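See structure below.
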Amino acid sequence: MILSKYPYLVQREILHNMEISELLLLSFVSKNMKKLIKLSQMCRFSRISSVDYSSDPKGLTDVHIEFKHDYREHIMRIWEYEEADNDYFKLNVSGKIIDFRIHERYSYPVASFHSYDKVSVIKSIHNYFLDFFGDSIEYWWKAVGYKHVVPQLQNVSASAIIFDTDKDFPIRKFENFFFSSPVFKNIELFFLTKPEPLNPDSKFYQAESVDIDQHEHTVPAILRHFQGRQAFVRCHKCETLELKEFVDRWKSGESFRKLEYLEFNILHGRVNQNQLLNAIGAKHIDVTKTPPTHMLPKVFVSFGKKETTDPIISHTYVVRESDNRVASVLFERRTFSFGVWDKTEEEFLEMVQ
Amino acid sequence: MSSTEQGTSSAAPAEPTTAPESAAAPEVPESFYYVHGKDKVVHKVSAGALQHSALIHGMISNLGYTEEQAKANPFPFENIDGDILQMVVDWCNQHKGKPTPPEDTNLPKQKEKLFDLVLAVNYLEIKELLTYCCKQVAMMVKGKSPEEIREIWMIPTDAEDEAAEKEAKKRAGKEAAGETAAAAGDAK
C-alpha cells in the first residue's frame, strides 16, 4: 500500500481518522509527511486551545492537547528510561536523538530521558511541538508538587498545585522550587500545617495569580509581599489591622502596583465591617445610586471553575494617592473583596448611576 | 443482492406479489442497472443500492433507461478490478435504504485489497464506505513506530523524496527544452 498514490482528499480523510499522538509519530517518518499533516489537518489543529505538560510529584510528565470545548487528548508521556524495556526506537527530535517506545495499553509515544538529560529532552520535544502545532496556541506546564523544578521553555506559562502532605514541610526545597523555576502564572497552595514564612524575595510572590488555602496559618504573608495581579485566599484568622495595613500600602502606592483583584475569605476570625471601613479611610457612594460592577477574567481557570472573578458591587471604595486609581472594597459574609479599577476617581464616579 | 450475469451467482427475479385490493397505491417496480469492472463480469444492481455512489447516481439520474436498454449498456469501470467491484456492489446492496452503522467490520484486512478498494470507492464517490475504508487504513498504523509506519504505507525517506524531486525537475527541464526546440523547428 503506497499512501502517496492516494488522491489528496483520501490522504486527508485517513489522517483525519488518526489520533494526534499517531499523527505525531507519523510526522517523524519524513519531512513531506510532516508537511502533509500540517496542511491537511490545519482545521483540526485550529481547534486546539493549548498543549499542557502535566508533571506529577514522581517526575512523570504527561502531555495533553486541550481542544476548545473541554475535549482533551493524551499525546505523549515523558518518563525515565527503563532498562528492562527492549522496545525502544530512536527518533531525531529537533536535533536530539531521543529513545521512544509505544505505551502498551494506550498506544501513545513515551519519550525517555536519563537523569542527566531530562531538561534537554523536554526542550527538544517542546521545540518540536512549537513547530508542529505552531506558536499561536497556549503552552502550559502544570506541576503538581514542588519536588521537580519546572524547566524554562519558550512560550510556556507555568502553574503549580502544591499540598503540604509532608508532616515536616521542607521549606528549603519549597524555596528552591520557586527559585529554580520560571515565574509562575498561577500557584494553588493547600496548607493544613503552618509552614515557616517564605523569603519575601521568593519568586512565589511574583506569580500572576495565587489561590491559597491556609487553615492553620493566620495572616498570610501574601498580604505583605504579593506582586502579582490576582489573589484568592482562604485563611483561618485575620485581624482588622492586617487588612488595614494591606490597604494602606496599596493606597500609598509602595506595594501591590499590579494588583487587580484580592479575595480574602476569613474562615473563623471576626472582622468588624464598619471598623474596617473606617480604618482604611473608605469613601462612600450615595446609597440611592448604583455603583459599577467590578469583574475580571481570571488569569488562570481551573477545570470546572468560573472564568471570571466574583462581581464586586460596592458603595465603598479607596483611592491610590500616587495615581488617583480607585479600588472597590467590599466586606461581606467573612470575605474581604478588593477590586482595582483602571480608572481615576473622577472616571470611576462617572460610572455611578 | 446483486446478480452476476456472467459470473457465479444469479438471482431469480422475485415473482410480483398481488397487492390486496385495499392497498392505497401499487408499489413502483424497482429499476436496475448494470455495471462491470476490468474483468467484464456484469453486476445487476438496483437504483436504490446505487444511490450510495454519487458518481453512478449522477450518471443514471434522468437517464430513463428501460430494463432492456440498461442491460444493453452496462456502465464500464475498466479501472476497477472485478473482485473489488463485487465488494462495492455487495456493500451498496447490504446498505440499501438503511442508515449506515458507525463501523464496518467486513472490510478486507489485506493491505493491497484495501488499497484498491479505497481507490475504487473514492472514484465512485461512495462517501460512507470511503470513511470506513479510511478508518481501516488509519487503524493499520495504530501503535506502530515511525519506521513500521513507513514500511506499512511505503512512505519514501527524505533522501528518496529529494532524489525523486531532482529527477522530476530534470525531466521537466528536458521536456521544456524539447518543446522549445520543437517550437524553434516549427518557426523555421
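The values are calculated or read from the model by the stated rules, or taken from the named source; none is laboratory data. The model shown is predicted, which means the values in this text are computed figures rather than measured ones. Cβ placement follows ideal geometry from the backbone for every residue including glycine, while neighbour counts extend to all protein chains displayed.
Things worth noting here:
- Selection count, the range B:84-97, where residues are free of Cβ contacts under 8 Å to residues at least 40 places away in the same chain and surrounded by 15 or more Cβ atoms within 10 Å (Cβ to Cβ): 2
- Of all residues in the range B:129-154, those that are within 7 Å of another protein chain (Cβ to nearest Cβ) and assigned to a loop (DSSP other than H, G, I, E, B) total 5.
- For the range A:15-24, the candidate set comprises residues that are surrounded by fewer than 21 Cβ atoms within 10 Å (Cβ to Cβ) and within 17 Å of B:Cys133 (Cβ to Cβ); within that set, the residue that is nearest to the other protein chains (Cβ to nearest Cβ) is A:Asn17.
- Condition met for B:Leu117 (within 12 Å of chain A (Cβ to nearest Cβ) and in contact with a Cys (Cβ under 7 Å, 6 or more places away or on another chain)): yes
- The residues listed here are A:Val149, A:Val144, A:Val119; of these, the one that is touching a residue at least 12 places away in the same chain (Cβ under 8 Å) and surrounded by fewer than 16 Cβ atoms within 10 Å (Cβ to Cβ) is A:Val119.
- Residue count, the range B:115-165 (criterion: farther than 30 Å from A:Met76 by Cβ and of a type in the set (Lys, Arg)): 1
- Test: A:Arg12 is within 14 Å of chain B (Cβ to nearest Cβ), more than 30 Å from A:Lys147 (Cα to Cα), of a type in the set (D, E, K, R) and in contact with a Ser or Thr (Cβ under 8 Å, 6 or more places away or on another chain): yes
- Here B:Ala182 meets the list (1) in a helix (DSSP H, G or I); (2) within 9 Å of another protein chain (Cβ to nearest Cβ); (3) of a type in the set (A, V, I, L, M, F, W, C) almost entirely, failing just condition (2).
- Condition met for A:Glu80 (more than 8 Å from every other protein chain (Cβ to nearest Cβ), touching a residue at least 12 places away in the same chain (Cβ under 8 Å), within 29 Å of the chain's Cα centre (by Cα) and farther than 30 Å from B:Pro108 by Cβ): yes
- When the range A:86-111 is filtered for residues that are part of a strand (DSSP E or B) and either more than 9 Å from chain B (Cβ to nearest Cβ) or surrounded by fewer than 11 Cβ atoms within 10 Å (Cβ to Cβ) (or both), the ones remaining, listed by number, are A:Lys90, A:Asn92, A:Val93, A:Lys96, A:Ile97, A:Ile98, A:Asp99, A:Val110, A:Ala111.
- B:Leu107 vs. criteria within 14 Å of another protein chain (Cβ to nearest Cβ) and not in a helix (DSSP H, G or I): yes
- Filter result (crowded, with 21+ Cβ neighbours inside 10 Å and in a helix (DSSP H, G or I)) within the range A:129-141: A:Phe129
- Residues being modelled with pLDDT under 95 and in contact with a His (Cβ under 7 Å, 6 or more places away or on another chain) - total across the range A:74-107: 2
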